[in-house]
Every structure is written in C-alpha cells, then in structure tokens.
Amino acid sequence: MTSVTTPVARTPLVDWHRRNRAKISIVNGWEIAVAYPHDDEQAKNGIADITGRVVTEMTGKQTAKSLSLVCGREPMIREIVETDTHTVYRLTDSRALAFGATVLSGGTNVTGGWTSLALWGPNVLTLLNKVTAVDLRERTMPVGRCSQGPVFGVNTLFSRFADRIELHVCPDMLEFLWEVLMDAGAEFNLQPTGFDAYQKHLNATHSPSPSGSRPG
C-alpha cells in the first residue's frame, strides 16, 4: 500500500463522511473514510463506502477470450470471479467489469464511472427488500452471482458474496443511494463504518477483499 499526500480522486461521500466525524485518509491517491468513532463497537449491520478501486470494462467480441486469460476460464453470465488481484463481473456475452488495483490489458479504464458500497449483517436482505424489487433471494442470486436493477430509480449492480452484498452505481447517484439505505436501515441500527472496519469484517469472515487491500 502506498500513501500519497495529494489526492487525485475522492469518493463522492467524502463530505458526508467528514460531517459525520469519520477519519479521512489519502490512500493510493484516493480520499476515503478509514474509520468512524464507533467502529470498535463492531456494528451488527454495517455499511461501508468502498469506492476507490480501479475499474476495467471489457466489451466486444474479445470479451470471452479476455476473461479466460484473466480468470483461467470463461465465467458464466452474471458470475463473479475473484482472482488474486481483481473481482470480475461477467455481465453479458460481450461485456464485463473488473474491480482491482490496476487496469486489465485489453480493457478500458472506466474508474470514474463507478462507485461502490458494501453492506453486511443479518438484516441486510430485509433492508434491501424495502428499497428494491430486484429478487435478491439466494436461490435467485446465489453467492458468486450478480444482478442489475433499480433502487428508487437508481440503476444498480448488485453482487452477493458469502459475507456481504456489494452495490455499484454511477458517482452522481452514490450519495442519494447511501441516504436511501441509511434511512431504510435505521430500524436495524445500520451503522456507517470506515474502510478499516470493513477490512476487519472481511478478515473475521475469512473472505478476501475485492482487491486484496485498501482501494487503490
């Protein structure tokens, strides 16, 4: 991990995090919320802003070949594959996204077009069912699968991991989505957490982070 003194990018939620007493650090050129005062309490239901990874988009006829090189095989449509360096989403026959630390060869850097949230805890699915009609039941979207649909009109990429749900949206809608989720999660005591607490959650559940480190 390399820290720099001048950010080249910032999550759209930086001002919200600051207003709510989060500690902001610059990591790999990104301003991110790394800690909240209540993080040591280990929230039962947590939400974290995990924006900050490089996003590669692969499109066209070469998508299947590119995915085979990255993943060691060709993923199914709507499948998520985690490699040592990237989390790859196969969206269609000819389109895929990869979140990681670097731009993948043969792809296009679309980092500025995506922001990400992670939610975990026993009430997360109930919370999400309040704000979306997307069928998130495990039999419909099992672990290692993704789906797209609206949250209050915001086109969202949903992904299920063994210990969390991740949501990916365009930057312009991130703060709106965050506030919708915080409102919906109030009855479940949903707590915003810093990236360090999110990382501890992943370590405790023995699940790798999307990029294997802080976003970069």
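Can you find even one residue in region 42-62 that is touching a residue at least 40 places away in the same chain (Cβ under 8 Å), in contact with a Cys (Cβ under 8 Å, 6 or more places away or on another chain), within 18 Å of Leu174 (Cβ to Cβ) and not in a loop (DSSP other than H, G, I, E, B)?
Checking region 42-62: not a single residue is touching a residue at least 40 places away in the same chain (Cβ under 8 Å), in contact with a Cys (Cβ under 8 Å, 6 or more places away or on another chain), within 18 Å of Leu174 (Cβ to Cβ) and not in a loop (DSSP other than H, G, I, E, B).
So is Ser105 assigned to a loop (DSSP other than H, G, I, E, B) and surrounded by fewer than 21 Cβ atoms within 10 Å (Cβ to Cβ) or not? If you could, list the steps in order and put the result at the bottom.
Values: assigned to a loop (DSSP other than H, G, I, E, B): yes; surrounded by fewer than 21 Cβ atoms within 10 Å (Cβ to Cβ): yes.
Yes: the conditions hold for Ser105.
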Margin query: Looking at Asp84 and the list (1) in a strand (DSSP E or B); (2) in contact (Cβ under 8 Å) with a residue 60 or more places away in the chain; (3) over 30 Å from Leu127 (Cα atoms), which single condition is not satisfied?
Written below: (1)
Notebook entry, point to check: What number of residues within region 13-26 are at negative phi, surrounded by fewer than 20 Cβ atoms within 10 Å (Cβ to Cβ) and not in a helix (DSSP H, G or I)?
Noted result: 5
Notebook entry, point to check: Hey, Asn155 hits all of (1) free of Cβ contacts under 8 Å to residues at least 40 places away in the same chain; (2) part of a loop (DSSP other than H, G, I, E, B) but one; which does it fall short on?
Noted result: (2)
Notebook entry, point to check: Does region 58-102 hold any residues that are loosely packed, with under 14 Cβ neighbours inside 10 Å and basic (Lys, Arg), and which are they?
Noted result: Lys61, Lys65, Arg73
Notebook entry, point to check: Are any of the residues in region 190-204 modelled with pLDDT of 95 or more, within 21 Å of His86 (Cα to Cα) and in contact with a Phe, Trp or Tyr (Cβ under 8 Å, 6 or more places away or on another chain)?
Noted result: no
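The values are calculated or read from the model by the stated rules, or taken from the named source; none is laboratory data. Here the structure is a predicted model, which means the values were calculated and not measured. As a convention, Cβ positions derive from the backbone with ideal geometry for all residues, glycine included, and neighbour counts pool all protein chains shown.
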